[in-house]
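Participant: Next up is a structure, given as structure tokens.
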């Protein structure tokens with residue numbers, strides 16, 4: 001769907017909110033205007049791609065998009081407790097299912113928008129040529145390894161699964177430090193509070209743009225797929241229409257190009273390879 005396509009969706013959705021049947025769980029309003037702001041709760045691996053898409057969305061619709069980036073589990077809990085987000089973009093399926101089970105969100109709008117990848121990442125001055133998790137585990141010079149907290153961060157779950165499958169969990173367990181989300185995990189490494197981290201590919205590529213870091217992909221067969229889902233959670237009908245329009249932008253050809261450039265594998269795409277995303281970053285791997 002090109003730009004004209006998703007803009008048509010904006011008009012149709014808002015028109016439906018004014019005169020047609022509202023979505024399940026969505027209340028009508030009489031404001032009859034395009035919302036001035038959209039509130040999106042998004043997994044922190046999405047920051048580079050979603051901020052770019054928000055700029056495009058605002059230019060095309062006049063609706064500004066404000067984000068709260070964090071761990072998928074913590075954002076889900078806030079939604080369940082009543083946080084007024086219009087759209088929830090999780091880094092996995094389970095937390096979308098959790099919020100829907102608690103009566104939050106419109107299940108009819110649920111969709112898979114991307115699949116994530118994890119990488120081994122470190123600043124260039126600390127990179128020693130690791131090629132796989134076994135190399136990290138056996139490197140006695142490494143004091144701390146950062147991963148996102150598996151209790152509420154899907155990328156942390158993937159990191160733990162990969163470490164366990166490779167038999168390296170016990171070797172690194174006592175050296176682990178946990179970020180609150182995957183962006184916080186990168187911060188721990190970048191600031192020297194960890195020597196190396198297991199991060200989202202999207203954040204490694206964003207760091208490449210800043211000239212920071214070197215990385216190598218982790219085999220995605222070592223963990224369950226990072227299938228990322230979103231769902232509209234707005235209560236107001238016009239907010240819900242705008243949220244669905246933003247979701248349509250993410251799924252459009254324009255949106256897919258942005259997501260693909262950020263390292264995500266998209267529904268219908270072939271597997272992302274290291275060569276395709278320029279493995280190694282600033283320092284080479």
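A short reminder: the numbers here are calculations on the coordinates, not readings from a lab. The structure presented is a predicted model; accordingly, all values stated were derived computationally and were not measured. When we count neighbours, we look across all protein chains shown, and the Cβ atoms used for this are built from the backbone with ideal geometry, even at glycine.
Participant: Under 1.5 on a/c is rounded, so check that first for the stretch 180-272, then, if it is not, pick prolate when a/b is larger than b/c and oblate when it is not; a ≥ b ≥ c are the square roots of the alpha carbon gyration tensor eigenvalues. The partial results should precede the final answer.
Facilitator: Values: a/c = 2.13, a/b = 1.67, b/c = 1.27.
It comes out prolate by the Cα gyration axes.
Participant: Going highest first, how would you order 200-206, 121-127 by mean Cβ packing within 10 Å?
Facilitator: Details: 200-206: 26.4, 121-127: 18.4.
By packing density, highest mean first, the sequence is 200-206, 121-127.
Participant: Okay, moving on. Normalized C-alpha radius of gyration of the stretch 200-243, against 2.2 N^0.38 Å? Spell out each step's value before the answer.
Facilitator: Working: Rg = 17.1 Å, N = 44, 2.2 N^0.38 = 9.3 Å.
Normalised Cα radius of gyration, the stretch 200-243: 1.85.
Participant: Taking only the Cα atoms of the stretch 130-238, how large is their convex hull per residue, in Å³? Show your work: numbers first, answer last.
Facilitator: Numbers: hull volume 14.0 nm³, N = 109.
In the stretch 130-238, the Cα convex hull volume per residue is 128 Å³.
Participant: Could you give log10 I(q)/I(0) at q = 0.15, 0.18, 0.19 Å⁻¹ for the stretch 40-153, computed by the Debye formula over C-alpha point scatterers of equal weight, without solvent?
Facilitator: Here the Debye-derived log intensity ratios amount to -0.79, -0.97, -1.03.
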